Amino acid sequence: RRPAVNPEAYGHYLRGQYYYVRSEEREDHLKAEQELERSIQLDPGFAPAYAELSEVHSVTWWLFHDRTEQRVTKAREAAEVALHLGPDLPETRRALGFFYLWCHLDFDQALRELEAARKMMPNNARIYWGMALVQRRQGKLEQSLANLTKAYELNPLSLELASSAALTYGMAHNLKEAVRYYDISIRLDPDWPNLHAAKASAILFLSGDIAQARAAIEPDLKIVKKITP
């Protein structure tokens, strides 16, 4: 059951979602912030927009785009408004989960909030991804991988989910799966150079195969040669 929402506000909300998940670049998160603030201006009672804005503020803090206390305050205040307007909405509990994870490293509380969100919205990939991030930091790699693979099954076009799975399989010393997910990530965005380097690192550290690692990083080397005077 969803509350009625201003259609124009909903459009800005969707664009905010798009920019939020498009990349980890500050420019995209700034656009997401602007779109969500516009959504709230048009419909101040639309709780999901506040929840999404809270997540954007939290990730902006987490990625060191803005490490001021004001940013944490903005994340908390947006989550509090979302909680007031929609205490039973899964988006609200998910936002609180990421707030506790990214702004406070409170893993237990983050998991409680994300688990509550999962029960209400069991097919949302971002919830499983959040749970996986918490569990990875707790060293619970098996649980983390189970949630990451579930998240990827729900959203197989997500570069973020595929690359997170690749990284986590590497941490679990499962080279075969790490390379498979790096290959998936590269197919999703072949021009993203960090993926080739990450795949080469996984091969090098997990198998010691220098030739295979060199072949994996070759696309990056070609890019460097093109831009180096």
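Numbers for the structure displayed
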| item | result |
| --- | --- |
| Count of residues meeting criterion [in a helix (DSSP H, G or I), open to solvent by 30 Å² or more (accessible area, probe 1.4 Å) and closer than 20 Å to ARG94 by Cα] in the stretch 150-174 | 5 |
| Members of the stretch 22-46 that are under 30 Å from TRP192 (Cα atoms), surrounded by 17 or more Cβ atoms within 10 Å (Cβ to Cβ) and of a type outside the set (D, E, K, R) | HIS29, ALA32, LEU36 |
| Subset of the stretch 175-204 (residues that are loosely packed, with under 13 Cβ neighbours inside 10 Å, in a helix (DSSP H, G or I) and either modelled with pLDDT under 90 or hydroxyl-bearing (Ser, Thr, Tyr) (or both)) | ASN194 |
| Cβ pairs under 6 Å, 6+ apart, first in the stretch 80-101 and more than 14 Å from LEU53 (Cβ to Cβ), second assigned to a helix (DSSP H, G or I) and among the acidic types (Asp, Glu) | ARG93/GLU113; GLY97/GLU113 |
| Any hit, the stretch 75-98, residues being charged (D, E, K, R), more than 15 Å from the chain's Cα centre (by Cα), modelled with pLDDT under 95 and loosely packed, with under 15 Cβ neighbours inside 10 Å | yes |
| Selection from the stretch 110-125 of residues that are part of a helix (DSSP H, G or I) and open to solvent by less than 40 Å² (accessible area, probe 1.4 Å) | ALA110, LEU111, GLU113, LEU114, ALA116, ALA117, ALA125 |
| Criterion violated by PRO87 - all others in (1) over 18 Å from ALA32 (Cβ atoms); (2) assigned to a helix (DSSP H, G or I); (3) not acidic (Asp, Glu) satisfied | (2) |
| Filter pass, ARG136 being among the charged types (D, E, K, R), under 22 Å from GLN17 (Cα atoms) and either surrounded by fewer than 16 Cβ atoms within 10 Å (Cβ to Cβ) or modelled with pLDDT of 90 or more (or both) | no |
| The one condition in (1) over 29 Å from ASP189 (Cα atoms); (2) touching a residue at least 24 places away in the same chain (Cβ under 8 Å) that GLU37 fails to fulfil | (2) |
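The values are calculated or read from the model by the stated rules, or taken from the named source; none is laboratory data. Quick caveat: nothing in here was measured; it's all calculated off a predicted structure. Here Cβ is always computed from backbone atoms with ideal geometry, including for glycine, and neighbour counts include all displayed protein chains. These area figures cover heavy atoms from the full protein model, side chains too; ligands, DNA and RNA do not enter into them. Shrake-Rupley method; radii C 1.70, N 1.55, O 1.52, S 1.80 Å.
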